[in-house]
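Here the structure is laid out as C-alpha cells; the discussion comes afterwards.
Any read-out appearing in this document is the output of simple, stated calculations on the displayed coordinates, not a laboratory observation. Owing to the predicted nature of the structure, the values given are computational and were not obtained by experimental measurement. Heads up, the Cβs are rebuilt from the backbone with ideal geometry, glycines too, and the neighbour counts pull from every protein chain shown.
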Amino acid sequence: MSGNGYSYKSSGTNSQGNHYCARDYGSGASNSNSYHYSNTDGSYYYSNPNGSTYHNDGAGNATYTPPSGGNSSSGSGSGSSASGSSGSQK
C-alpha cells in the first residue's frame with residue numbers, strides 16, 4: 001500500500017484511446033478492487049472503494065449508485081459537447 005491507502009494494480013490506454021486504472025484498497029474496503037475508466041467520447045465510470053459507482057455519459061447525464069445498493073440518483077446538466085453512446089472499455 002502507498003501512503004494514499006491503495007496500491008496500483010494496473011493502468012493503461014487501449015487501442016481506442018480509452019484510459020483505465022485499477023487500484024487495490026485492501027481487505028478493509030467494501031470494494032477492495034476498485035477501478036475507473038474514461039473514454040475518448042468524454043464518458044467515464046468509477047467503481048469506488050466504498051462500494052458506490054458513478055457513471056457520466058459524456059453528454060452531461062450522470063448516475064450515482066451509493067454503497068450497499070441504495071437508491072440511485074441521476075441528473076443531467078450542460079456537460080460536454082460529446083455525442084454518441086458511451087464507450088466501453090475493451
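Quick look at the numbers
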| read-out | value |
| --- | --- |
| Qualifying positions in the range 25-45 - of a type outside the set (S, T, N, Q), surrounded by fewer than 17 Cβ atoms within 10 Å (Cβ to Cβ) and in contact with a strand residue (DSSP E or B) (Cβ under 9 Å, 6 or more places away or on another chain) | Gly26 |
| Where a residue in the range 4-19 is without any contact (Cβ under 8 Å) to a residue 40 or more places away in the chain and loosely packed, with under 12 Cβ neighbours inside 10 Å and its partner, wherever it lies, is in a strand (DSSP E or B) and of a type in the set (A, V, I, L, M, F, W, C), with Cβ under 7 Å and at least six apart | Ser10/Ala22 |
